[in-house]
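Every number in this text was worked out from the coordinates using simple rules, so none of it is lab data. Values in this document were obtained by computation on a predicted structure and should not be read as measured data. Quick reminder, even Gly has a Cβ in these numbers, built from the backbone with ideal geometry, and neighbours come from all protein chains shown.
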Amino acid sequence: MTIRFAVLGAGRIGKVHARAIGASEGARLVAVFDPVEASAVALATAWGAERRSIDAILASDDIDAIAICTPTDTHADLIERGVRAGKAIFCEKPVDLSVARVRQCLDVVAAEGGRLMVGFNRRFDPHFRALKAAIDEGAVGRIEMITITSRDPGPPPAEYIRSSGGIFKDMTIHDLDMARFLLGEEIAFVSATGAALVDPAIGTLGDFDSASLILETASGRQCLISNSRRAAYGYDQRVEVLGETGMIAVENQRPVSIEIAGASGFTRPPLHDFFMTRYVEAYAAEIATFIAGLTQGTPLSPTGQDGLQALVLAEAALRSVQEGRRVATAEIV
C-alpha cells in the first residue's frame, strides 16, 4: 500500500517533509499547494508532483493524506476541512495559538472519525528515543528531575515574531512536549521568567528571547527548561535526566564527531547550525511513523491531545511571566 500525499506549504518545513515523503518507499508525493505559485511549482517538480489548489487537493481521489506546513493561523481550519474530506492529517505544531480553538478543532476531528498526528519531531530523534527507552527500562530508577536546554543560534526576524505566537508557543512548546514525553506524568504547575536580552525589537513586540521555566508534576517531580534565541556556538540541544540511581544525558550532536588534542588543548567541530540539519533523522522517522500508522491502521502519535497539552503548558508559562506567579495548568481553559 502506498500512501499518496499532498503538502500544503512549500516553505522551509514543507520542503523538509516533502523530502521525507519522497524518500519513503511507502509514500508518494502527489500534489503541493503554496500561495506563491513559483514555490509550489518548484517543490512539486522536484518530487514529480503537481501544483494544485487546496480545494482541488481536498476533492482529489488520488490523495490519502495531507501534511499541513502552512502558517499557524491556518492549521485548525485546514485540519477540519481535511478530516471532513476524509483525508488523514499530519500537522506541524501548534494546531492553533488558542487553547479554545484547539479544543474546538479536536472535537471536529473526533466527530468525523479523523486521523490526526501533530508534528513534535524531537520525539523521533534517535538520541532522545534512546533516552526514553533507558528511562522506561528503569536505567536510573524513578525519575526525579529533568533539565532541558534548547537554544537557537540566532533570533528570527521581527516579521516572524509578530505571527509566531511568542517564544513559549513557538519554541518552548517543543521542550514542553519533550518534558511530558519523558516524565510520563502530567504537569500540574508552571513557573516561568522571560526577558528580551538578545534583541530589543523582540521586547518591543511584547515577546521574549530568553526564558527559564520550572515544571512540576502532582507528585513533585520537576523539569527545568532553559531557552535562548541566541547561542553563538551553534544549535544547543541537550537533555539530562536525574533518577534515584543515576543520570542519563543526551549531549549536543555535531555533523562530524571527532576530537583533536594537541599542546594547546582539545578541540571539537562546531555544532549543527540549526534544526534542519540537527533533526534530519527525526523528521524522516516522524513521517515514516505516520505512514506506518496509516498503512497498518495503528494509533497515531503524537496526538491532537498531545498538541493541546503542550499548548496549555505554553499558555501557563506566558501567564506565569505576565502575572509573576506559579500557575496551575488547571487554570488554563
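Hey, what's the per residue convex hull volume over the C-alpha atoms of the stretch 261-333, in cubic angstrom?
191
Take every Cα pair under 8 Å in the chain that's 6+ residues apart, average their separations, divide by the length, and report that relative contact order as a whole percent.
It rounds to 19 percent for the chain.
Roughly how many debye, to the nearest 20, is the charge dipole of the chain about its Cα centre, given +1 on each Lys and Arg Cβ, -1 on each Asp and Glu Cβ, and no other charges?
Dipole magnitude for the chain comes out near 260 debye.
For the stretch 93-148, which trypsin sites (Lys or Arg not before Pro) are in a loop by DSSP, counting at most 14 other Cβ atoms within 10 Å?
Here the trypsin sites (Lys or Arg not before Pro) that fit, given the DSSP loop and packing criteria, are ARG142.
Give the residue list of chymotrypsin sites (Phe, Trp or Tyr not before Pro) in the stretch 220-285 that are DSSP loop and have at most 11 other beta-carbon atoms within 10 angstrom.
TYR233
What translational diffusion coefficient, in µm²/s and rounded to a whole number, does the Stokes-Einstein relation yield for the stretch 1-106 at 20 °C and a viscosity of 1.002 mPa s, taking the hydrodynamic radius as the Kirkwood radius over Cα pairs?
Value of D from the Cα-based Kirkwood radius: 158 µm²/s.
Name the longest site-free stretch of the chain, where the excluded sites are GluC sites (Glu not before Pro) in a DSSP loop with no more than 14 other beta-carbon atoms within 10 Å.
Between exposed loop sites, the widest span is 26-136.
Within the stretch 112-137, whose backbone N sits under 18 Å from a point 7 Å along Cα→Cβ of THR245?
131-137
Based solely on C-alpha atoms, express the radius of gyration and the Dmax of the chain in angstrom.
Cα radius of gyration and Dmax of the chain are 20.2, 67 Å respectively.
Near LYS15, which lysines are there with a Cα under 27 Å away, not counting those fewer than 8 places off in the same chain?
Straight-distance partners of LYS15: LYS87, LYS93, LYS169.
Over every pair of different alpha-carbon atoms in the stretch 176-302, take the mean of 1/r and invert it; report that Kirkwood radius in Å.
18.1 Å is the Kirkwood radius here.
Taking the Cα centre of the stretch 174-333 as origin, work out the dipole magnitude from +1 charges on Lys and Arg Cβ and -1 charges on Asp and Glu Cβ, in debye rounded to 20.
Taking the Cα centre of the stretch 174-333 as origin, the dipole is about 220 debye.
Viscosity 1.306 mPa s, temperature 10 °C: what is the translational diffusion coefficient of the stretch 120-256 from Stokes-Einstein with a Kirkwood Rh over Cα pairs, rounded to a whole number of µm²/s?
Translational D for this selection: 101 µm²/s.
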